[in-house]
Amino acid sequence: MNVFEAIQKRREMTKFLDQPIPNEQLEQILEAAYLAPSGNNLPSREFILITNREKLDELANATPFVSWLKEAKAAIAVTGCPEVSKYWLQDASIACGFIWLTATELGLGTAFGAIYHSQDQAESKKREDFVRTALNIPSDRRVVAILGLGYPEKEPPAKEMVRKESIIHYERFQT
């Protein structure tokens, strides 16, 4: 599968088969995250692989929107460090995309659980503190997201997209 095929095939999967993910595939996904670009090549993002069933179940309580972690066979928590780079959020976000596309290429489903909440500081603190405690993450790191991984129970249909013309502009913004 080439990158464009992975982009086209990518879907958010929240129902997973009860089938373990081989370590080689998990390592390949982590390698893709590691190789993702970062501003000024600074190590402003870090990754935590979680495969322990009890820990995945615990993390499912981080927000009401990540209950699918109870079915996931693995997850990757993505952190950013503002003290390392002012681009920590962008760096972590790009790495999340690399994780997702690599998982798609490997036939895995992925679900994205936003932990960092840029518009609600109190909610972000609550979510991040929960994950920080569960995974022993230092206080100088921000917890951007948790991506759940597993073999998809079924492939959902493609989402209906808004018209490209309302999103893509040429030469200048057009209304």
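Descriptive notes on the structure:
- Where strands (runs of 3 or more DSSP E) sit wholly within segment 71-160, those with at least 2 residues that are surrounded by 17 or more Cβ atoms within 10 Å (Cβ to Cβ) and of a type in the set (Val, Ile, Thr) occupy 74-80, 142-150.
- Residue 46 open to solvent by 60 Å² or more (accessible area, probe 1.4 Å), of a type in the set (D, E, K, R) and within 13 Å of the chain's Cα centre (by Cα): yes
- Residue within segment 15-28 that is in contact with a strand residue (DSSP E or B) (Cβ under 6 Å, 6 or more places away or on another chain), of a type in the set (D, E, K, R) and not in a loop (DSSP other than H, G, I, E, B) present: no
- Given (1) in contact (Cβ under 8 Å) with a residue 12 or more places away in the chain; (2) closer than 21 Å to residue 137 by Cβ; (3) loosely packed, with under 13 Cβ neighbours inside 10 Å, number of the condition residue 19 does not satisfy: (2)
- Any chance residue 128 is modelled with pLDDT under 95, in contact with a strand residue (DSSP E or B) (Cβ under 7 Å, 6 or more places away or on another chain) and closer than 24 Å to residue 55 by Cβ: no
- Taking the numbered list (1) surrounded by fewer than 18 Cβ atoms within 10 Å (Cβ to Cβ); (2) modelled with pLDDT under 95; (3) under 19 Å from residue 131 (Cβ atoms) in turn, residue 14 passes all entries but (1).
The values are calculated or read from the model by the stated rules, or taken from the named source; none is laboratory data. Small disclaimer: the values here were computed from a predicted structure and weren't measured. Ideal geometry is used to build each Cβ from the backbone, glycine not excepted, and the neighbour counts take in all protein chains shown. Please note that ligands, DNA and RNA were not included when accessible areas were found on the heavy atoms of the full protein model with its side chains. Shrake-Rupley method; radii C 1.70, N 1.55, O 1.52, S 1.80 Å.
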